[in-house]
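Below you'll find the structure, written out as structure tokens, and then a few comments.
The values are calculated or read from the model by the stated rules, or taken from the named source; none is laboratory data. None of the values given here were measured: they were computed from a predicted structure. When we count neighbours, we look across all protein chains shown, and the Cβ atoms used for this are built from the backbone with ideal geometry, even at glycine.
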Amino acid sequence: MRGRFAPSPTGQMHIGNARTALLAWLQVRSAGGTMLLRMEDIDTARSRPHLADQILTEMAWLGLDWDEGPDRGGPAGPYRQSERSDWYRTVISRLEEAGCLYRCYCSRSELNRLASAPHGLTGETVYPGTCRSLTPAEAALRKAAGREPALRFRVPEETIAFDDLVAGRVAFNPADAPGDFVIFRADGVFAYQLAVVADDAAMGITHVLRGDDLLDSTPRQILLYRALGWTPPVWAHVPLLVGPDGRRFAKREGALSLAWLRGRGVRPEALVGFLAFLSGLLPSPEPVRPTDLIAAFDVGKLPRAAARVEPALLEALAG
Ligand SMILES: [Zn+2]
């Protein structure tokens, strides 16, 4: 087994990220596998090097270790997405050769005007396929207008199903939403869907445990694996932590960041116990080290419902 934790250094690490890291680590360690840490800093305009350093520090503070990563190296490196552009370009040329991509010249305002209301499940707008079959003359006209194209993946009309270790059998049709999706943005940034598939495949990842906000990305990623002739990993999508209002924790809610908790003198064992309790791994939020949770861990027994963080519990944690 090879698993990974892949944070984006675009904000402070909060308790939801810490829980995903803990569960991904437990899945790998309970199977005697290899743990990777990959820094998803592909959007260089939003990523901050000091936040990347802080994530490594806070992972270690929690008691989570990794066998391969940006600070330790390893056979599948580099482990920072900002250093892997050559590989993404190679993957894009393979997709182009396979006829899976086309150039999209739509501007953001055009897309907003054309798209239907955001789809209920994904919250994303649906691309109406405007540039799917531009004639060379039409494309030349748009190019002459100075538009930089994005690259879109041609999504077939087909229901994609897979078995998730936590969510169970999942099926939906990515042609309904979001439709043909971007893999290379007009501003020159490689899209998340492309980078995550290119990296998980190249790094030999066999198991991916992540938040279920990415569940609806998975059928798109399966299409990429298929187009590239690669074997997808086994996924486990865990329900997110939500606040008392039922909304999920956003990265920028500073009060729930690890930095804030550490600043209040919270011990890592207390936080790990709190996260383990919220994940159904402990009957009460007792202080515990991650290593103490390995023996009893079973990914199949993780709760399928979102875990609500009640204010009283948080107050007890933060003192
Ligand atoms: Zn377009």
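Checking Ile160 against (1) modelled with pLDDT under 95; (2) surrounded by 14 or more Cβ atoms within 10 Å (Cβ to Cβ); (3) more than 13 Å from the ligand (Cβ to nearest atom), which test does it fail?
(1)
Going by what's in this entry, would Pro219 be described as under 20 Å from the mean Cα position of the chain (by Cα), surrounded by fewer than 20 Cβ atoms within 10 Å (Cβ to Cβ) and not polar (S, T, N, Q)?
no
Go through the stretch 159-192 and count every residue that is under 26 Å from Asp43 (Cβ atoms) and among the small types (Gly, Ala, Ser).
Result for the stretch 159-192: 5.
Is the stretch 258-279 home to any residue that is loosely packed, with under 15 Cβ neighbours inside 10 Å and among the acidic types (Asp, Glu)?
Scanning the stretch 258-279, I find no residue that is loosely packed, with under 15 Cβ neighbours inside 10 Å and among the acidic types (Asp, Glu), so the answer is no.
For the stretch 142-155, enumerate the residues that are away from the ligand (no atom under 13 Å from the Cβ) and surrounded by 11 or more Cβ atoms within 10 Å (Cβ to Cβ).
Val155, the sole residue that qualifies.
Is there any pair with a first residue in the stretch 130-150 that is touching a residue at least 12 places away in the same chain (Cβ under 8 Å) and a second that is more than 13 Å from the ligand (Cβ to nearest atom) and charged (D, E, K, R) whose Cβ atoms are under 8 Å apart and which are 6 or more apart or on different chains, and what are they?
Close Cβ pairs (under 8 Å, with a partner that is more than 13 Å from the ligand (Cβ to nearest atom) and charged (D, E, K, R)) amount to Glu148/Asp187.
Do any helices (runs of 4 or more DSSP H) entirely within the stretch 165-271 hold 3 or more residues that are at pLDDT below 95, and if so, which?
Qualifying helices (runs of 4 or more DSSP H): 258-263.
Exactly one of (1) within 14 Å of Leu23 (Cα to Cα); (2) without any contact (Cβ under 8 Å) to a residue 24 or more places away in the chain is unmet by Pro290. Its number?
Tallying (1) within 14 Å of Leu23 (Cα to Cα); (2) without any contact (Cβ under 8 Å) to a residue 24 or more places away in the chain, Pro290 fails exactly one: (2).
Sort through Thr125, Thr130 and tell me the only one that's more than 12 Å from the ligand (Cβ to nearest atom) and in a loop (DSSP other than H, G, I, E, B).
Result: Thr125 is the single residue among Thr125, Thr130 that is more than 12 Å from the ligand (Cβ to nearest atom) and in a loop (DSSP other than H, G, I, E, B).
Do we have any residue at all in the stretch 170-188 that's farther than 27 Å from Gly77 by Cβ, among the charged types (D, E, K, R) and out of contact with any Pro (no Cβ under 8 Å at 6 or more places or on another chain)?
yes
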